[in-house]
Amino acid sequence: MLAFIARRLAISSLVLLAATFIMFVLVALSGDPLADLREQSTPQAQAQMAARIKALRLDVPIPVRYFGWLTDLFRGDLGVDKSGHAVSSQLALATTATLQLVVIATLLGAFIGIMIGVVSALRQYSSFDHGITFAAFVCFSLPVFWVATMLKQYMAIEFNDWLRDPVIPLWVIGLVAVFAGLVWASIYKGRWKGKLTTFAIGFAVTAVVLYALSASHWFADPGLGFPFILVVSLAAAAGASTLVAGWENLQPMYAALASAGVGALLYQPLQPVLSDANLLSILGLALLTIVVSWVLGHTLGGLLRRQAIPLAVFSGLLTGGLIFVDRILQAWHSYTVSVRNRPVATIGSETPNYSGDFWHVSLDSAMHLLLPTLALILIGLAGHSRYSRASMLEVMNQDYVRTARAKGLPERTVIIKHAFRNGMIPITTILALDFAGVFSGAVVTEHVFGWRGLGAMFTKSLKEVDPTPVMGCFLVAGAAIVIWNMVADIAYAYLDPRIRLS
Amino acid sequence: MTLNTEHAEPTAAPQGMAVTARTQRQLVTRRFFRHKGALFGLALFLFVFVLAFTSIGFGPLPGWWDKPWTGSGTILDRGRPTLSVIPEFLGGSGIHLGEHPFGQDNLGKDYFALTMRGAQISIIVALAIGLVSTFVGTVIGALAGYFRGWIESALMRLTDVMITIPVLIIGAVVGQIAGNLGPYFLALMLGVITWTSVARLVRGQFLSLREKEFVEAAQAVGTSSRRIIFKHIMPNTLGVIIVSATLAVSSGILLETALSFIGFGVRPPDTSLGQLIQTYRSAMVTRPWLFWWPGIFIIAIALSVNFIGDGLRDAFDPRQNRVRN
């Protein structure tokens, strides 16, 4: 495995090197960086031109220029832009914004997409499957910039207007509930009587929840609260362990429930700790959660430790996440007041000159991330759901799945342990390839939402024929993509031993 | 063995099941035309294509629409679209096109003519991207898959490198170089950088087909490599190539419109659907139709091509992934 990782690392760096060379040549050919100075007839123009030629090495052929750039790069110097400012300082700010957007969108898109894909594979040729297939086709054909502009207009501006008096009209509740009921009924597999019951339950639950949220003005000051966190985390722990471990051996479930319960019970005691939190203390708490859950899984898991530990850690982190979301939502009210009742942001990656405690700043960047991420997820969702559906179907047709069924294993075990785990192996490659596509999407969404990220920096510098910042942006994006690909490859090799042994 | 043929029953067509011999092409065509989604896609694409190219005319050919896409005019009813599709008995104003079916922009330009011009350019660019990228990808994939050895490693490393560069980023740089030379040259250049997925698919096909007996037989009788590639292997990969060509067209239109949107694609005085959206994006609140029409046309073109591609895939590869229950 180590040899594999080393080999992969070497290949990755060579690929990145070659990619920077191609880009460097293309960018160098894309225009004349001196054009703006040539038009000026002031006496300083000559001197400025000479200085720029020296700074950008315009007097040497392109390959030589590339090696100059590369040598500087290895010394940790990314060069200067046309006006002489160092690229690295601009890049640092832009990178955080864009990487945040890209990574969150990729992970969320993959998670939701895989869930949808697996469900539609398990219900092949059902109305759910047909609906998802059609929706995926539409998503494949949507231009990102169009979706982003639409989101900006309808999700942000009109949603913000609606938030002033957050009452959901009855007909909207009715429509949403009917839709939810139809979705659940189409997933249900069986006779029409069961379908009808599923529809009724789905309809009723959605309608009641929406009505309650609307009537209590929840959207004006949202929050989760202790009872909700307790119930949801315990339910999620039970659900996850039912899926993964089943009801035959209950030790993993005990471990997961214990981990979720301990987390939820710490809700009240944690509040003072959380009120003056920062990023470090949050990370520390997450680490502590993992350790405690690991110990719980190890002690309660019995012989099934290998299942119990991941389950306990998952439940613990989920509970922690819920508490985190709850605490962030406590900042909602004062936040909306401070941004003049327009919480869903449409421009930039943060409110300019905004100051507040950790929670307010986090909420601020979350509200700015919301729409661009949504646009990127919507586009990526189609691919992920299609690929995971195809991969899952392929696995479900394998002989070993038939064998598993033939020897009488419960359907849950067949699907989760035999089919799902193998079906997800090819998805790692798709995830890797897709990452570059998300970067492409990020360039466009940043343009729409006015983010000052990598994409904006890239388009601006390219338009102004400023080669060094363009290369800086590409270097960061390319490095992120290459690293992501490498991680996916290593994951693939870890999951499928045939790869690393060949 | 009996020579008495009097009692021989005609063996063909038991229970009315007539067996007809069909060529591969007939089989594929039959399967394609039985695919509802594909037929829908084909009809939609032909509709958009014919509408775009006959309405305002193309090049020297005149069209049936009387307003030019360049000229401005007087603004009627604040430039609202006059298209109406709700019949009178349903409370609408009847089915008619009106003076400006898609409305007018702030200078009074007829937006129908403008959208049609944008659709023409976008369709041409998308088709050209599809053709060029499929051609380049097929050549690279075929060479790599058939010859193996150093050719394969060199070409596949090149593919790996190209995959690392986000397509919009390299597309923007290429657009910056080629944008001033007109949309056709831009399409050519974009085709030259988007061949990677076709190359990988074709290479995979060639790798498996070159080990087959018929290739070995051809090699044994001394057939030249060129003949084996074009006459023996290529026809067997045609399905994969055609399907990926349609997908390249649909991603081509999305690439071109995205590039035009961020300003590196089709430039004024030429127009394209993406450029129209960029130009009129700020008018979203006051004149939303300027934003809607080009978007609907982009989706219609991309969606129809995707449906055609799906139908072709099912037609060429009818192994249905039905789960055994």
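The table below lists the values:
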item	result
All helices (runs of 4 or more DSSP H) inside region B:184-277 with 1 or more residues being within 29 Å of A:Gly383 (Cα to Cα) and within 14 Å of another protein chain (Cβ to nearest Cβ)	B:196-209, B:234-262
Region A:12-24, residues that are at the interface with another protein chain (Cβ under 7 Å from one of its Cβ atoms), without any contact (Cβ under 8 Å) to a residue 40 or more places away in the chain and either under 11 Å from A:Val482 (Cα atoms) or surrounded by fewer than 18 Cβ atoms within 10 Å (Cβ to Cβ) (or both)	A:Ala18
Test: residue in region A:149-159 that is at pLDDT 85 or above and away from every other protein chain (no Cβ under 14 Å)	no
Matching residues in region A:401-420 - criterion: being in a helix (DSSP H, G or I), over 21 Å from A:Gly117 (Cα atoms) and in contact (Cβ under 8 Å) with a residue 12 or more places away in the chain	A:Ala404
Set A:Leu9, A:Leu70: member being loosely packed, with under 15 Cβ neighbours inside 10 Å, at pLDDT 80 or above and farther than 28 Å from A:Glu446 by Cβ	A:Leu9
Region B:287-301 residues that are more than 8 Å from every other protein chain (Cβ to nearest Cβ), paired with ones that are surrounded by fewer than 24 Cβ atoms within 10 Å (Cβ to Cβ) and of a type in the set (Gly, Ala, Ser) (beta carbon under 7 Å, 6 or more apart)	B:Arg287/B:Gly79; B:Leu290/B:Ala283
Region B:140-183, residues that are closer than 24 Å to B:Ser224 by Cα and of a type in the set (S, T, N, Q)	B:Ser153
Region A:44-101, residues that are outside any loop (DSSP other than H, G, I, E, B) and acidic (Asp, Glu)	A:Asp72
Matching residues in region B:154-169 - criterion: being facing chain A (nearest Cβ under 7 Å) and assigned to a helix (DSSP H, G or I)	B:Asp160, B:Val161, B:Ile163, B:Thr164, B:Val167, B:Leu168, B:Ile169
Condition broken by A:Ser440, with the remaining ones in (1) among the hydroxyl-bearing types (Ser, Thr, Tyr); (2) crowded, with 23+ Cβ neighbours inside 10 Å; (3) more than 10 Å from every other protein chain (Cβ to nearest Cβ) satisfied	(3)
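To keep it simple, each residue is scored yes or no on (1) touching a residue at least 40 places away in the same chain (Cβ under 8 Å); (2) in contact with a Pro (Cβ under 8 Å, 6 or more places away or on another chain); (3) aromatic (Phe, Trp, Tyr).
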position: A:Glu394; (1), (2), (3): no, no, no
position: A:Ile425; (1), (2), (3): yes, no, no
position: A:Val443; (1), (2), (3): no, yes, no
position: A:Met471; (1), (2), (3): yes, no, no
position: A:Ala480; (1), (2), (3): yes, no, no
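Residues are listed down the side, and each one gets a yes or a no for (1) over 27 Å from B:Gly175 (Cα atoms); (2) within 11 Å of another protein chain (Cβ to nearest Cβ):
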site: A:Met396; (1), (2): yes, yes
site: A:Arg402; (1), (2): yes, yes
site: A:His418; (1), (2): yes, no
site: A:Ile430; (1), (2): yes, no
site: A:Val444; (1), (2): no, yes
site: A:Ser461; (1), (2): no, yes
site: A:Glu464; (1), (2): no, yes
site: A:Gly472; (1), (2): no, no
site: A:Pro497; (1), (2): yes, no
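The values are calculated or read from the model by the stated rules, or taken from the named source; none is laboratory data. Remember, predicted model here, so these are calculated numbers, not experimental data. Here Cβ is always computed from backbone atoms with ideal geometry, including for glycine, and neighbour counts include all displayed protein chains.
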